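Report on the structure given below.
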Amino acid sequence: MKVKKIDHIGIAVKNIEESLKFYKDVLGIECTEIEEVAEQKVKVAFLPIGDTELELLESTDKEGPIARFIEKKGEGMQHIAFQVDNIEEAIKNMIDKGVRMIDEKPRYGAGGAKIAFCHPKSTGGVLVELSER
Ligand code: ZN
């Protein structure tokens with residue numbers, strides 16, 4: 001398995017429009033697209049920076065994973081996504097090496113990517129997403 005790059009960094013926010021003020025007005029980073037991913041109960045804003053992106057995540061459901069994250073830890077960095085060539089192979093590699101996966105099969109992610117999350121208990125406390133574009 002080979003990690004090609006940091007695909008994106010996921011940031012949990014209460015309100016995308018409010019948060020965009022900081023990224024756009026202060027940092028000058030433009031949001032290119034806002035997409036709703038019903039399966040994950042989130043609205044996602046993409047902010048490309050160089051060859052990676054920030055992904056702002058706003059929950060569309062009080063019981064969704066982002067809502068629960070904010071309830072426990074507040075707004076802030078939620079996950080880091082590594083881009084891989086072949087996600088099925090990457091998942092198998094992780095499992096073979098004893099990593100606990102949240103997703104043992106890829107699922108649909110924002111931007112049409114195939115994604116899978118690794119359990120933070122296996123990654124030193126970081127929620128790691130594998131992403132194949
Ligand atoms: Zn992500």
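Derived from the Cα gyration tensor, the three semi-axes of the equivalent ellipsoid of the chain are 25, 17, 13 Å, largest first.
Among 121, 97, 43, which one shows the highest mean-square fluctuation when the chain is modelled as a Gaussian network with alpha-carbon springs under 10 Å? Of the options given, 97 has the highest mean-square fluctuation.
Would you mind checking 41/114; 21/114; 41/105 for any pair whose Cα atoms are more than 23 angstrom apart? Where the Cα-Cα span goes over 23 Å, the pairs concerned are 21/114. The residues of the chain present an accessible area of 57 Å² per residue when probed at 1.4 Å with all protein chains retained. Secondary structure note: in the range 3-132, about 75% of the DSSP beta bridges are antiparallel.
The values are calculated or read from the model by the stated rules, or taken from the named source; none is laboratory data. Here the structure is a predicted model, which means the values were calculated and not measured. The accessibility values were calculated without ligands, DNA or RNA, using every heavy atom of the protein model including side chains. Shrake-Rupley method; radii C 1.70, N 1.55, O 1.52, S 1.80 Å.
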